[in-house]
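Please treat every number below as a calculation from the coordinates, not as lab data. Keep in mind the model is a prediction, meaning the values are calculated, not measured. Heads up, the Cβs are rebuilt from the backbone with ideal geometry, glycines too, and the neighbour counts pull from every protein chain shown.
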Amino acid sequence: MSAEQKTPAVPALEVVVIAVGELLSAAIVCLIFLLFDQFSFRVPLGALLGAVVSTANFILLCLAVDRASAKVMAERGDGEMTEEESAAFAAEHQNKLAAVIRLSFFVRMAIMIAALLIGFFSGWFDPVAALVTMLPWRLLLTLGSLIRKKRDDRNAAKNNETNERR
């Protein structure tokens, strides 16, 4: 990747994997409720609420990390640094970066709790369906990372073959 190219703040592949996985999770939750004869209009709405909140949580996490690292990198500037200067800069800004990400965690959790409480108290959403749907996001994130690694390895192999032919 060249210096002009910037990694996107929100990795599209992981967002798609999480969103699709959350929707599949919601469908499974709905089927389970149906099998146990507990299905109502609140179940799919609750499952959908959980899927949306979980996916939004991941997107907000990506944006917070990107914003925090961009601020630190802006302070660093574009100049070259020796290894010692780079290590000193990283050590100096590590706590600042961690504090911003920690604050982001608390804000995201507050938003998630508020969304869930509003949903639950409205009577339109099933709380169990919403909570169960929110559980698999870390597993889905790992799956997205594995898919990205496999794709990157395949692309690297193709590039190596192309370079060897030249």
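Footprinting exposure proxy ranking of 37, 66, 152, 126, fewest other C-beta atoms within 10 angstrom first, gives 37, 152, 66, 126. Find out how many positive minus negative residues lie around residue 135, taking Lys and Arg as positive, Asp and Glu as negative, among other residues whose Cβ is under 15 Å from that of residue 135. Local charge sum for residue 135: -1. The chymotrypsin sites (Phe, Trp or Tyr not before Pro) of the stretch 111-153 that meet both conditions, a loop assignment by DSSP and at most 15 other Cβ atoms within 10 Å of the site Cβ, are 124. With respect to the chain, whose longest principal axis is taken over its alpha-carbon atoms, helix 137-165 is tilted by about 40°.
Taken over the chain, the convex hull of the Cα atoms encloses 149 Å³ per residue. How much net charge surrounds residue 59 when only the other residues with a Cβ under 14 Å from the Cβ of residue 59 are counted, with Lys and Arg +1 and Asp and Glu -1? With Lys, Arg at +1 and Asp, Glu at -1, the neighbours total -1.
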